[in-house]
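Computed from the coordinates by the stated procedures, all read-outs in this text should not be read as laboratory data. Keep in mind the model is a prediction, meaning the values are calculated, not measured. When we count neighbours, we look across all protein chains shown, and the Cβ atoms used for this are built from the backbone with ideal geometry, even at glycine.
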Amino acid sequence: MHRDFLLEFAALEKSVQRRVFETFEKFTGATHAGAHLEKLTHQRDPRIRTIRITDFWRGVVLKADRGDGYLLLKVLPHDKANDWACKHRASVNAATQGVEIRNDVALERATESLRTLASDEPRRLFADRSDKVLRSLGIDEEILPIIRLLPDEAHLEALHRVLPEQQFDVLIGLASGMEPADIDREIVQAYARAAAPVSAAQPGDGLVSAMAHARGRVALVSGPEELQEILERPFDAWRIFLHPAQYRIAYRESYNGPARVTGGPGTGKTVVALHRAYHLARRLPPDAPDGSVLLTTFTTDLAAELERCLALLVTDERIRAKVRVVTVDALANEVLRRSRGGAPLKIVFNQRAVLARWGRVAHRLGVDFTDVFLDQEWRQVVLAQAIENQEQYLKAPRPGRGTALGPLQKAQLWRAVATFEEELRQAGERTFLQVCARAARVLDERDDRPFRHVVVDEAQDLHPAQWRFLRAIVAPGPDDLFLAGDPHQRIYGNKVSLRSLGIQVVGRSFRLRINYRTTHEILSWSASLLTGERPDDMDGGEESLAGYHSTLHGAHPETHGHVDKAEEIQALVARIEEWTASGVGPEDIGVAARTVRLGRDVAQALEQAGTSAYLLGNAPSPGVRIGTMHRMKGLEFRCVAVVGVSDGIVPMRSAITPEDADPQQHQEDLNGELSLLFVACTRAREALSVSWHGAPSPFLEPVVPAQPRAR
């Protein structure tokens, strides 16, 4: 079955869904299945047939030239099904060998339209790419003429629904600046290598083989039980339809050491991590204990989502039991607690309390540093480099710290660090980073390791102390660590050099570029917030969004300014009522706010209006999901409202180091706040609303026209 069919199937009424299953259950069991298919007159491709579902609904099926291979493409109302079947044609991509479905009529119309435009527009998007290069990447002779007429990327994007999808992926990569060699490696070869196995009973049929080479767009279904399992959960298409680039990363038999996958929001990094955990679990020897594979991340909300998705992906309970899902901090706490005989640890959670302690230490010692500067120096230099004494600190480099310190200043600062840590010890308190650091040392003193494989999601937000713990929890070797993350979504300011921590991913690092969650309109709007930011990739290079694009289209994001908070919340309640009235379930709506207080105010207003609401972090309950931007990390919703994006709130003043105290840290803090807004906006699949009261955030300047302070 084709991916597009499954996504459209989800929107059908339950009675029609049942008839679809019954029809194709009978079809697969028939001795002469092809006899049920009807030909049409004036078709572009005689192999495309239709099949009766009900008097009103028909299925569209592609019949292989020989053998018993059929591809279910669509289920549409009778007239639309016939029209679609007449206009479309199947072909085989010369480079990837995958099946492609194209709308010949739409292509002809688009070509004529571009020819009319060509006389007035001399620019050509692909003027510097030869036909030979384009052919080598799978652009066929029928597509080349229209490509030669394209003046810019906007016109290419307009052809997204018209061009064969594999060829569109190649062209968007070229248009965004990717080199042909990179496209060949990351797109073309991904399709070629990720082909599903083809039955030996169907040799020599090019179309059957092409279906197998279209992984990510085509799922091979062998019987009614498999068909029913897929159709029962159509929205969970990620379980079945891995893009070839995702598949070859997730299901590679083995890596010689740590491996990593990066990519922008919605590119399926978490999906790859889940499939990789499944692959590693099912390869374990029979005597491997439960929980031999660790699937971990940064936040408890995301860990809960990973556990839910793992249950959807892995239906075999014996295999699922081999995977343990837990946050890094919770696991470190468990390891250290066990080493102490089970005694509970007193953890300092409140950052305000930490800063207050730093302030008292600085005042008592007469240290000329702010509480924020001391805390950041401790976390980003002392804990990051596992420094244990003054001699080590005096010699330590301070990458990423903008304020230079002389020997006397460093000695003074070390006095503050030693006093701070001693006060924590006397109070019997630890921060989670200290717990991770100590747990790593406990594990390094042991010969055995708790896990055979570790899979990490949202890797960009982990601190070096957490990485040392993860490095210690699994023995170095093949498939020890698998990392998924996106430096553009780094929201905690933790800078890491993986190789300095003994995690070498050179030659085993991959990048995903296709967004499957967010519409092109939301993605473009959100990406423009970053205004050219190129964060480090945790391994000495830079991460780029070149070639990053969405496969979906929809409405443009909405932006709204309001006089005050009350008016903004009132407008938000009305917008959510519109979403629910259109058929969106409350649980499919997310509201992101920078502060907990604003989130609670929104929840209260919704409840008063009769709409149930659930604050992330509390006990799960029905209703609109509301949380801070931090808690939204890794989650996704059909509709998202980002509220309170006002000057002074985003970026939050208290989260920004004063520029005169540390210019470099000031910029790092601003980048972190910007990434936080980017993360919140890219949680949306179909609809995004961004609002503020008073003056808008300066971060919105690239995407919101100049306007009065309030309206």
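Structure above, values below:
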read-out: Read-out Rg and Dmax of the Cα atoms in Å, derived from the coordinates shown; its label in [x] 41.2, 148; [y] 29.1, 112; [z] 27.6, 90; value: [z]
read-out: Charge-dipole axis of the chain as Lys and Arg at +1 and Asp and Glu at -1 on Cβ define it, positive-most pick from Val75, Leu674, Gly206; value: Gly206
read-out: Cβ-placed point charges (K, R +1; D, E -1), dipole of the stretch 16-114 about Cα centre in debye, nearest 20; value: 140 debye
read-out: Antiparallel %, DSSP beta bridges [both residues in the stretch 557-700], to 5; value: 5 percent
read-out: Centroid-to-centroid separation of the stretch 617-679 and the stretch 205-254 [C-alpha atoms, Å]; value: 36 Å
read-out: Contact order normalised by residue count of the stretch 557-700, Cα under 8 Å, 6+ apart, percent; value: 34 percent
read-out: In degrees, nearest ten, helix 565-581 long axis to first principal axis of the chain (Cα); value: 30 degrees
read-out: Over the chain: helical MRE at 222 nm, DSSP H runs n ≥ 4 each giving -39500 (n - 2.57), nearest 500; value: -12000 deg cm²/dmol
read-out: Among 131-138, 669-676, the order from most to least packed when residues are scored by Cβ within 10 Å on average; value: 669-676, 131-138
read-out: Packing rank of 147-160, 342-355, 512-525, where each peptide gets the mean count of other beta carbons within 10 Å, highest leading; value: 512-525, 147-160, 342-355
read-out: Net charge contributed by nearby residues that have their C-beta within less than 9 Å of Ala555 (K/R +1, D/E -1); value: -3
read-out: The stretch 376-423-the stretch 92-163 distance, computed between alpha-carbon centres (Å); value: 58 Å
read-out: Formal net charge of residues neighbouring Thr111 (Cβ-Cβ distance under 12 Å; K, R +1; D, E -1); value: -1
read-out: Prolate/oblate/rounded call for the stretch 557-700, Cα gyration tensor, a/c under 1.5 rounded; value: prolate
read-out: Dipole in debye (nearest 20) - the chain, about Cα centre, beta carbon charges: Lys, Arg +1; Asp, Glu -1; value: 1300 debye
read-out: The stretch 557-700, dipole about Cα centre (Lys/Arg Cβ +1, Asp/Glu Cβ -1), debye to the nearest 20; value: 420 debye
read-out: Helix 78-87 axis, angle to the chain major axis (alpha carbon atoms, nearest 10°); value: 90 degrees
read-out: Convex hull of Cα atoms in the stretch 99-193, direction-averaged projection (nm²); value: 5.8 nm²
read-out: Loop-resident sites, the stretch 229-259, for GluC sites (Glu not before Pro), counting at most 13 other Cβ within 10 Å (DSSP); value: Glu253
read-out: Entries in Lys395/Lys633; Lys269/Lys410; Lys14/Lys80; Lys322/Lys633 that, when Cα-Cα distance is taken, lie over 31 Å; value: Lys395/Lys633; Lys269/Lys410
read-out: Within-15-Å neighbourhood charge of Ile319 [Cβ basis; K, R +1; D, E -1]; value: +4
read-out: Residue exposure sequence - Arg471, Arg320 - by fewest surrounding Cβ within 10 Å; value: Arg320, Arg471
read-out: Sorted by Cβ neighbour density within 10 Å, fewest at the top, the residues Leu572, Leu483; value: Leu572, Leu483
read-out: Percent RCO, i.e. relative contact order, over the chain, from Cα pairs under 8 Å lying at least 6 residues apart; value: 12 percent
read-out: Angle between the chain longest axis and helix 300-313 axis [Cα atoms, degrees, rounded to 10]; value: 30 degrees
